[in-house]
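Here, each number is a calculation from the coordinates, and none is a lab measurement. A quick note: this is a predicted structure, and the numbers were derived from the prediction, not measured. Cβ: placed from backbone, ideal geometry, glycine included. Neighbour counts: every protein chain shown.
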There are 2 protein chains.
Amino acid sequence: MLLLHRAVVLRLEQACRLKSIPSRICIQACSINDSFQPQRPSLTFSGDNSSTQGWRVMGTLLGLGAVLAYQDHRCRAAQESTHIYTKEEVSSHTSPETGIWVTLGSEVFDVTEFVDLHPGGPSKLMLAAGGPLEPFWALYAVHNQSHVRELLAQYKIGELNPEDKVAPTVETSDPYADDPVRHPALKVNSQRPFNAEPPPELLTENYITPNPIFFTRNHLPVPNLDPDTYRLHVVGAPGGQSLSLSLDDLHNFPKYEITVTLQCAGNRRSEMTQVKEVKGLEWRTGAISTARWAGARLCDVLAQAGHQLCETEAHVCFEGLDSDPTGTAYGASIPLARAMDPEAEVLLAYEMNGQPLPRDHGFPVRVVVPGVVGARHVKWLGRVSVQPEESYSHWQRRDYKGFSPSVDWDTVDFDSAPSIQELPVQSAITEPRDGETVESGEVTIKGYAWSGGGRAVIRVDVSLDGGLTWQVAKLDGEEQRPRKAWAWRLWQLKAPVPAGQKELNIVCKAVDDGYNVQPDTVAPIWNLRGVLSNAWHRVHVYVSP
Amino acid sequence: MLLLHRAVVLRLEQACRLKSIPSRICIQACSINDSFQPQRPSLTFSGDNSSTQGWRVMGTLLGLGAVLAYQDHRCRAAQESTHIYTKEEVSSHTSPETGIWVTLGSEVFDVTEFVDLHPGGPSKLMLAAGGPLEPFWALYAVHNQSHVRELLAQYKIGELNPEDKVAPTVETSDPYADDPVRHPALKVNSQRPFNAEPPPELLTENYITPNPIFFTRNHLPVPNLDPDTYRLHVVGAPGGQSLSLSLDDLHNFPKYEITVTLQCAGNRRSEMTQVKEVKGLEWRTGAISTARWAGARLCDVLAQAGHQLCETEAHVCFEGLDSDPTGTAYGASIPLARAMDPEAEVLLAYEMNGQPLPRDHGFPVRVVVPGVVGARHVKWLGRVSVQPEESYSHWQRRDYKGFSPSVDWDTVDFDSAPSIQELPVQSAITEPRDGETVESGEVTIKGYAWSGGGRAVIRVDVSLDGGLTWQVAKLDGEEQRPRKAWAWRLWQLKAPVPAGQKELNIVCKAVDDGYNVQPDTVAPIWNLRGVLSNAWHRVHVYVSP
């Protein structure tokens, strides 16, 4: 943040030196209303209280500087008659060459020259390029302030064609037609079933991922369930009783709330694809997200159905209410020992970040198995049973398993590998992005790190030279409970860019409290399904001269 | 084993072709007594029942072939008058150039030409070169059979000087003077305190490591404790009672027996030293061993003293009865949650492989903490207490922690890293050895693999080309219980040597059931104490033309 702050201030100083006198005159002429008060802005960022004052100052400078720098252009625009643009026209303006346009309500803005001054970084504003700002502003409440709207007003170039506000029509013959509307920031890897991840620069903007951009991994169409008639069937133990639980029944169990990171086994699969083709969705670094989950403990519900821990190995099988055209439901299982262990904190969750579960995330009830691969966190939960064997579901027995790089589709024996439960230690760089150009002087590197099984991340090492030398990143985010480190740590490193360096090979690797580390390279962990991709994450950037 | 068998048979066939007729005549002339019966040998190897018959045949061929091959030399030796050799003379014969001599009782043998025919492999016989066979034969009961002694008799060259049977005198001023006598197979890294590891080819010869060659990691002189007066002091909980337990008292708790692998945090440190100097003993691959441990469960003993699991984090602190000249005892701690968890199976062990603990391994009582670094398995246990903080011992707070490669002795902050408890996934190659020449055709590669925290080893990948391509090794040893995989897996791979290959870069890497893997290289996990050295293990060998 400091680096950005410094860079912005520097540019503003330059702008002020060049144009200070005429700018002030034009501010008055161009401002939409009189409430624009550059002396009293309040651009604050949550989660960083210690630097609030700094941000206030920066907001001031930013509001001022942006206006100073580009007042000529703006003045011209405001003085001309109102243009009407179609949605298509707007959507074709997504680069510095074409101009970068966005909409808010019915208004169209050309923010080309503001992009580099955006306090959250240029890349975040670019996510909205060619489309509406609302979905992004909804995520980041900092924008809903008058001075931000006033600042934006300076860039208005016209109005949106009124016909373009109509919602898209629904194809009713499509089994996915009833899927919910998704946030446009999501990078879609598959529409049917819907699979999408947040862009990296949004992913680590918040310790808790906002629901609308939480990564979504669906295997089937999203069921549309009525919460009033919803029932969870729990098969009773011999001598116990089967349960048919309404949502109210579930709410009557003691409520537990925990912060848990979910990660898809296929996260970072795209890096494996670069080694050799694999079967699977091309997840980048975003198939991971963190939420506060609340619900009943699975162990309490199982106990009410008469289940208890037994000496012989057993498994708790989950079935979703999502199903394919043959009626086969999504299914998965976890060992009974984990399910019955109060310390493992397995939840039947009905809340995600204080809200009822969104439909994409299992409304009304999903399983949350802290420390375990996403595939076992069965959504739209319909049935729970205890079996001597693992779930016979395809996704338990013929998917989500790891193999040697030597195994291909001709030789694979799915029974020879255990189903993935706990995941290995993982980390990735979310800023800067691969191929980006960074300022010389100092570079800020951000990312996430997490490990399975409740193992806490104890250190993240970052290298600027491809792994020859290392620096220790600062860990942010909540402190972790011993043995229950269910959630990720965000991290960052501010490092001087070695003088004269034209490129940087940035690498990160994390260590968990079992002192497990990430492997150096992808090829030796390559597997035909492209799962468990946890090699060092590498980003190559250029340094601006 | 098959490969070795084949190689021996091949050589024997060659020998038979060359010398079959005159040899048979000389066997009669040279044999020491008439009980030599090449038709009925019984050279069997425990732990491999299925191939007993094969070994019998091989024993026959071996006994026969060895005699056939070298009868001329032996005949000459037996016909000459008895020579007397000093211990020093024997100890100077340890190579093919000088001749390879061993002793058994008062007899001296020149086994130079038998070495390559040794059924257990030449390297194992070479461990005894220049000294007595007894310590090795004591480990491997297979040798205690008449036909083996008769075979050996063929190589007798004389008698040992009677004066050389006197035991070495004890230096009483040395605080280590009372340390026990150790097995000569151990590779000593430090005499005072005694630290030693078994050679790799013995290490994986047995799933259960024989007590005399179990790796020994002492921090201080070995106390000599009287089992009759021994007391274990357990500090009681508030409202509970402190205990002073005799060995008999400990035996009165329910007895549990489990197979647990212990590994020193410094295992394979010598590979880190090759990257950059570290502080620590130069352990090779042998600071790891496996035994059956029996004793009382720590949770039962703590419960009797009134302890129970509490919400706030607490630690069980152990003190040894070994101490330095200032009276400071060895100490370490583990989290109370692990100590009180019956599933974690923490023992106060008084038996090791069915015997009272050897003195080097903590007689009469040590802690065994399955899945956790060796340093917490406190030996010669004197005192147990529950504290709100970790042990203040040097070995808990200022040692046995991992750091980034960037941290040196000027910058290290020991408080910044957690004490090592669970260890990461590990594997190493024990055969062939680095620099060895292997036969063309097929190579047999053997090793061990283990992971901390009860995580089972699910796969070992082996490469002959430095990690470009991989093959899956066969896992031997006991099946592992879920979540309680406390013991290693031995593994082997028989692989064809690619035709025309003159050298092999053999690599192994293991995967545990959390799908943790070993890192590719040592440098990025280098740390100033040289602990946690678990990169791929690499062995470079030559292929005989």
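List the distances, in nm to one decimal, from the label point of B:E442 to the label points of the same position in every other copy, shortest first, placing each label point 7 Å from Cα along the Cα-to-Cβ direction.
Those label-point separations list as 6.4 nm.
Just subtract the alpha-carbon distance of A:R481 and A:D413 from 0.36 nm times their residue separation and send over the number in nm, one decimal.
20.7 nm is the gain from fully extending A:R481 to A:D413.
When Lys and Arg each count +1 and Asp and Glu each count -1, what net charge do the other residues less than 12 Å away from B:G382, Cβ to Cβ, add up to?
That sum, taken over residues with Cβ under 12 Å, equals +2.
Taking neighbour Cβ counts within 10 Å as the exposure measure, how do A:S544, B:S533 sort from fewest upward?
The order, fewest Cβ neighbours first, is A:S544, B:S533.
For a quick check: with amide H placed at 1.01 Å from N, whose amide H comes under 5 Å from B:I84's, ignoring anything fewer than 5 positions away on the same chain?
B:E159
What are the GluC sites (Glu not before Pro) within the stretch A:291-397 that DSSP puts in a loop, where the Cβ has at most 10 other Cβ atoms within 10 Å?
A:E311
For the stretch A:187-398, treating each Cα as an identical point scatterer without solvent, what Debye log10 I(q)/I(0) comes out at q = 0.18 1/Å?
-1.34
Within a Cβ distance under 13 Å of B:P498, other residues only, what is the Lys/Arg minus Asp/Glu net charge?
Here the charged neighbours net out to -2.
Summing +1 for each Lys or Arg and -1 for each Asp or Glu, what net charge is found among the other residues whose Cβ lies under 14 Å from the Cβ of B:S246?
Its environment carries a net charge of -3.
Let a ≥ b ≥ c be the square roots of the eigenvalues of the Cα gyration tensor of the stretch B:290-442; is it rounded (a/c under 1.5), or, if not, prolate (a/b larger than b/c) or oblate?
Because a/c hits 1.5 or more and a/b fails to exceed b/c, the stretch B:290-442 counts as oblate.
Among B:L309, A:L490, what is the fewest-to-most ranking by other Cβ atoms within 10 Å?
In increasing order of surrounding Cβ atoms, one gets B:L309, A:L490.
Taking the label point as lying 7 angstrom from Cα along the Cα-to-Cβ axis, what are the distances from B:D476 to the corresponding position in the remaining copies, in ascending order and in nanometres?
5.3
Quick one: putting +1 on the C-beta of Lys and Arg, -1 on the C-beta of Asp and Glu, what dipole do you get for the stretch B:287-421 around its Cα centre, in Debye to the nearest 20?
500
Mind checking A:516-528 for the average number of partner chain beta-carbons within 10 Å of each residue's beta-carbon?
Rounded to a whole number, the mean comes out at 6.
Assign one of three labels to the stretch A:74-160, namely rounded, prolate or oblate, based on the Cα gyration tensor with a ≥ b ≥ c the square roots of its eigenvalues; rounded applies when a/c is under 1.5, prolate when it is not and a/b is larger than b/c, and oblate otherwise.
rounded
Measure out, as a whole number of angstrom, how far apart the alpha-carbon centroids of the stretch A:452-508 and the stretch A:355-402 sit.
So the two Cα centres are separated by 31 Å.
In percent, what relative contact order does the stretch B:425-543 have, based on Cα pairs under 8 Å that are 6 or more apart in sequence?
36
From the square roots a ≥ b ≥ c of the eigenvalues of the alpha-carbon gyration tensor of the stretch A:425-543, which class results: rounded (a/c under 1.5), prolate (a/b over b/c), or oblate?
Oblate, since a/c reaches 1.5 and b/c is not below a/b.
For a quick check: sort A:D413, B:D399 by the number of other beta carbons within 10 angstrom, fewest at the front.
The order, fewest Cβ neighbours first, is A:D413, B:D399.
How far apart are the B:N161 label points across copies, placing each 7 Å from Cα toward Cβ, in nm, shortest first?
Relative to the other copies, B:N161 has label-point distances of 10.9 nm.
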